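In what follows, a structure is listed as structure tokens, so that the remarks can point back to it.
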Amino acid sequence: MAANEHKNLTDINRHNPKGFETAINETTLVKGAGSSPTGTDGNLIWQSKSLMGVTNYKMQGFTTSGITNYAHGEDVNDSKSPYEMVVDYGSSTVSSGSLTPTKFFRIGQGCVIPEASTVTSISGWITVSTNNTVTIALCKITPVEDASAAVVPIVIDEIAITGLNSNDKGVRINETTITTDTLAAGDIIFPMIKVSVAGSGIYMNLIMQTTTY
């Protein structure tokens, strides 16, 4: 019987995986999400190759005099772009402000998303020279072609931490519950930052991870 085991059959006698004949070209076989506590009961599915993969977007910046309104990175023409974050957004709430295309196209830390994807995590470190509360807002804007109207950014996630009174002491950030996790191809993402009491020196180094699966 051992000779008849599937692993011992020659190529012409081996059958293709389940669903192979009807699967669309340029797909790959994966195990889908299940519902068991052990995470092992998913079914086999054929998934488009274009929807596979993980991308990491680095966001690094600083301000030596943090303000209570949100602030974003300098214009690309500024000598301290893309890292210095001192441009006043004009509001301490993202939904209460807006940015014109002239501004959001030129934020040094802005990054264009190449394909539709989902934000799965935000991780990294931040240091604060005071013990004040610092809030980072990772935002997205969906530009409209041939339009000059101001756009209200959408918050991907807001992260609040308490400083440790020293830029030599880091606070760990590890977010996996994302407020707005869907990104469209062409979206521009960028960070903003604010502090509860003005004057804090803040340095951040973050990674936002997305998946197209």
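Gain on full extension, evaluated as 0.36 nm per residue between residue 18 and residue 125 minus their Cα-Cα distance, stands at 34.0 nm.
For the chain, relative contact order (Cα pairs under 8 Å, six or more residues apart, normalised by length) works out to 28 percent.
Between residue 145 and residue 46, the FRET efficiency estimated from the beta carbon spacing at R0 = 41 angstrom works out to 0.75. The ranking of 208, 52, 192 from fewest to most other beta carbons within 10 Å of each one's beta carbon is 52, 208, 192. As a proxy for reagent exposure, ranking 94, 30, 128 by other Cβ atoms within 10 Å from fewest up yields 30, 94, 128.
A simple spin-label model places the labels of residue 60 and residue 184 3.2 nm from each other, with each point 7 Å out along Cα-to-Cβ. For the chain, the mean residue ellipticity at 222 nm estimated from helices alone is -500 deg cm²/dmol, where every DSSP H run of n ≥ 4 contributes -39500 (n - 2.57) and the total is divided by all residues, rounded to the nearest 500. A simple spin-label model places pseudo-atoms 7 Å from Cα toward Cβ; at residue 168 and residue 25 they are separated by 6.3 nm. Residues 172, 106 in ascending order of nearby Cβ atoms (within 10 Å, fewest first): 172, 106.
Full extension of the chain between residue 176 and residue 160 gives 4.3 nm of extra length, using 0.36 nm per residue less the Cα-Cα distance. Divided by 2.2 N^0.38 Å, where N counts the residues, the Cα radius of gyration of the stretch 54-211 comes to 0.97.
Computed from the coordinates by the stated procedures, all read-outs in this text should not be read as laboratory data. Here the structure is a predicted model, which is why all the values come from computation and not from measurement. Every residue, glycine among them, receives a Cβ derived from its backbone with ideal geometry; neighbour counts consider all protein chains shown.
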